[in-house]
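S.K.: If you scroll down you'll find the structure; I have some questions about it.
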Amino acid sequence: MTDSLGLDEEETSGRMKVTQLEELIPEIKWGDMLRATLDQFDLDLDVDSLIVTLHCNKYVPELVELLQDTPKRVIVNYMLWRFVLRYMPYISNYFEQLWQQFRSETSDISKDVAFLYLWNINISTATGTYSFIKILVQVNIDQDTRVFGEIDAMVEEVREAFRMVIDRQDWLQPEMKELCSDKLDIMGKKIGYPEYIESIELLDAEFEELDILEDHFLNNIIRMKKHEVWKELKKLSRPVDKNRDWLIQPLVVNAFHNPTANEIIL
C-alpha cells in the first residue's frame, strides 16, 4: 500500500529517503542542513539517497507551525540559553554552585535529584573517553575469563527462554515461528566492553582526531562532544561493525535486549 508521496508501508512508519522527508515536511530544508553538517566534518555523502527514520510524524509538523509563529529573536534566545544551560556545569565552580542552588530551590527538585544530576555530569565526562575504561579493563583482566563465561551462559539461558516463548504462541504460523527462531539463532551478544579497547594502538586511533588543551576544561568538553558527533557521522560512510559499535558506554551498569540490532548487551 502506498500514499500520495509514493511511500510504502515501511517508509510511512518511519523509514524514508531525505528527498521524501523534504516532500513530507517541506518547510525544513533537511538536505541543506545535512550537507552543511557533513561539510563541517569533511564527509562527502549522497545526502538525497540517505535513509532516515522519522518516529514523530505528528510532532514535527506541529513544531514547524510553532516555529513559524514564533519571533526569530525568541528562537535564537532559546537556543543560546539552552546551550548555556547544557554547559554551565563545565564553566567554573562558581557557575556550578549557582546551578546547583537553582536546582535545589526549584519546586519538585529535591536535593537527591540535584546530587544525582551532578553525579551524572561527572560520570558522563568520565565515560566520554575510553582511556579511563582501559585502566579498569587492565586492573580486572584476570577476572574476565571466569566472569565472561558465566555471563555468556546466562545469555544462552535467556535465548532458550525466548525460544520457549515463541513455541508457546498458538497464533503464530509454523513458518513465522521458524523465522523467529532463525532470528533468535543469530541474536548477538555484547558483554562488558568492545574488544578493541584492549589494544593501545586501536584506542589511540579512535582519538587521533581529538585535540585536548591543557588549560581549558570547557573547550575540551566541547571538543569531545564534537568528536563524538564526528565518529557517529563517519558510520554513514563505512560498513556496520557490530563488534565495534556499542549503544552504551562500558561503565554504564545495565542489561537489556536491543531489538533494532537483534542483540543482548550486558
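The values are calculated or read from the model by the stated rules, or taken from the named source; none is laboratory data. Please read all numbers here as calculations on a predicted model, not as lab measurements. Using ideal geometry, Cβ is built from the backbone for each residue, glycine included, and neighbour counts are taken over all protein chains shown. Remember, those area values only see protein heavy atoms, side chains included, never the ligands or the DNA or RNA. Shrake-Rupley method; radii C 1.70, N 1.55, O 1.52, S 1.80 Å.
S.K.: Amide H to amide H under 5 Å from K190: which residues, 5+ apart in sequence or cross-chain, H placed 1.01 Å off N in plane?
M.R.: I264, I265, L266
S.K.: Where only protein heavy atoms count, and the probe is 1.4 Å, what is the accessible area per residue for the range 145-245 in Å²?
M.R.: I get 72 Å² per residue for this part.
S.K.: While we're on this one: Assuming R0 = 25 Å, what is the FRET efficiency of E62 and R82, from their Cβ-Cβ distance, to the nearest 0.05?
M.R.: 0.85
S.K.: Sorting check: for 33-39, 68-74, 221-227, which peptide has the highest mean count of neighbouring beta carbons within 10 Å, and how do the rest follow?
M.R.: The packing order, highest mean first, is 221-227, 33-39, 68-74.
S.K.: Between E23 and A153, 0.36 nm times their residue separation minus their Cα-Cα distance comes to what?
M.R.: Length gained between E23 and A153: 41.9 nm.
S.K.: Is there a pair in K17/K183; K183/K242; K29/K226; K17/K235; K17/K226 whose C-alpha atoms are over 19 Å apart, and which pairs would that be?
M.R.: K17/K183; K29/K226; K17/K226
S.K.: Let me ask you something else. As a test of reading the structure, rank D152, D170 by solvent-accessible area (1.4 Å probe, protein chains only), most first.
M.R.: Ranking D152, D170 by accessible area, largest first, yields D170, D152.
S.K.: Grab the beta carbon distance between D39 and Q101, set R0 = 35 Å, and tell me the FRET efficiency rounded to 0.05.
M.R.: 0.25
S.K.: Still on this model: What's the carbon and sulfur percent of the range 48-111's accessible surface, probe 1.4 angstrom, rounded to a whole number?
M.R.: 60 percent
S.K.: Find how much the distance from S92 to D211 grows on full extension, using 0.36 nm per residue of separation minus their present alpha carbon separation; answer in nm with one decimal.
M.R.: 40.7 nm
S.K.: Please list, in order along the range 16-25, the HN-Hα scalar couplings obtained from phi with the Karplus expression 6.51 cos²θ - 1.76 cosθ + 1.60 (θ = phi - 60°), rounded to whole Hz, x for Gly and Pro.
M.R.: So the J values, rounded to whole Hz, are 6, 7, 4, 4, 6, 5, 5, 6, 6, 10.
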